[in-house]
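Read the structure below first, then the notes.
The values are calculated or read from the model by the stated rules, or taken from the named source; none is laboratory data. Note that the structure is predicted; figures quoted are calculated from it, not measured. In this analysis, Cβ positions are derived from the backbone assuming ideal geometry, glycine residues included, and neighbour counts consider all displayed protein chains.
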Amino acid sequence: MKALSQCLLAAALLAPTAFAAVGVEPVILTEQGIRNLGLETVTVEESDFELTTFALGRTETAPEKRSVLSSRISGRVVETRLRVGSYVSKGEKLVRLESRQPGDPPPTIWLTAPADGTIISANTRLGAPVEPTDRLAEIADLRTIYLIATMPQAIAGKIGQGTKARIRFPLRPDKSHTGTLLKYAACACPDPSCALGQDVSTRGAEDESADLNSAGVVFTLDNPDNQIRPGMTAECTIIMERRENVLSVPREAIQGSAANRHVYVKHMTIPNAFDRVSVQTGLTNDERVEILDGLFPGDEVATRGSYSLGFAGAGGGPSLKEALDAAHGHEHNEDGSEMSAEQKAAQDAGDGHDHAAEGPSTREIFFMAATGILALLLVVISMRRRLPADESAELS
């Protein structure tokens, strides 16, 4: 009996809430309101859905595509054409040396570029002495560049050679590059030289601890315009898995709390109107959210400006009745239902007001009656529980 009374009480309390939920009207805006909110919409459709993970990385030149400019003899720099960032071709004259061998004048030689590429560092100047062990400049072919990213080992174990990634640079946020996983790095420390297995002497205590939970991965990406340079920080969206025929919407279309997700769907017939529709969401990636229930292909949902729709539509636009009348060409009641012939006749015979529309609708009457019956049952149950207690008191 106690459980029954609790259920009835909950139903009585939730009935008005259920009525309010069912009775949610569309948000109706004016043309000016649409422009003010900057509303944009997309059509819901089934497409490929990517399961992604995020990682930060840094670019580095491929070790096999680097070369060093050096001299086989000792001398002094008498002319230099080194310009960091400039592209040079193999055999191009870069530095002219005056030899230390005796002569009048002393003999000079040109040091030429050992390979095609971009000058990424220059370590000499006019008049500087030169020895065969000196690295005068470093040249790298940047048409293909490496990106070294660090991620948890549990995630790194789920990807393999050939995995794709979308790579964006804060310096050029409007452009996305495609990277391909080449290999796992030699270690997970942030030093590129160590990660590429070139110099492990730079490892520190923090690098050793990073190896315990992290893994380094190396992506290759094309750089035909040489705009990506070594040392640039990058944001990597790594594609773990791709699923076909998944219904999804852009992330900015989803509104509400985690327990009550909803979107705003453009009304089929009312201009500038949006229905609030509850949805069940699934997986999320960096751009889209999977929709498990609540939407159908062809629905048009608000994206940009959708958050503002939760506060719009009150007072600034036409009423639901006015919008439906204009859209369908005939009259409706205030609750959106179509006005019957009897209601029209009563309105014409009355004082010009829509009395049928002003009165409670069938739905309102149903919920009010249900709430009243539940409340009455609660009173009866309460009285029946008190009756045995009162009789016992009289007998004593």
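Quick notes on this structure:
- Residue list for region 167-202, filter: closer than 21 Å to Q153 by Cβ, modelled with pLDDT under 70 and not aliphatic (A, V, I, L, M): C187, C189, P190, D191, P192, C194, G197
- Hey, L69 touching a Cys at 6+ places or on another chain (Cβ under 9 Å), touching a residue at least 24 places away in the same chain (Cβ under 8 Å) and surrounded by 15 or more Cβ atoms within 10 Å (Cβ to Cβ) or not: no
- Test: R96 is basic (K, R), assigned to a loop (DSSP other than H, G, I, E, B) and out of contact with any Pro (no Cβ under 7 Å at 6 or more places or on another chain): no
- Looking only at region 220-243, and only at residues there that are touching a Ser or Thr at 6+ places or on another chain (Cβ under 7 Å) and hydrophobic (A, V, I, L, M, F, W, C), the one that is farthest from V88 (Cα to Cα): M240
- Filter result for the condition that a residue is under 30 Å from V217 (Cβ atoms), among the polar types (S, T, N, Q) and surrounded by fewer than 20 Cβ atoms within 10 Å (Cβ to Cβ), over T112, T144, T108, T133: T144
- Matching residues, region 48-81, being touching a Ser or Thr at 6+ places or on another chain (Cβ under 7 Å) and within 12 Å of L136 (Cβ to Cβ): G75, V77, T80
- Residues being within 21 Å of the chain's Cα centre (by Cα) and either modelled with pLDDT under 75 or not in a helix (DSSP H, G or I) (or both) - total across region 300-335: 7
- Of all the residues in region 56-66, those that are within 21 Å of A115 (Cβ to Cβ), surrounded by 14 or more Cβ atoms within 10 Å (Cβ to Cβ) and not aliphatic (A, V, I, L, M) number 5.
- Applying the criterion of at least 3 residues that are within 17 Å of the chain's Cα centre (by Cα) to the strands (runs of 3 or more DSSP E) found wholly in region 211-297 leaves 233-250, 280-284, 288-293.
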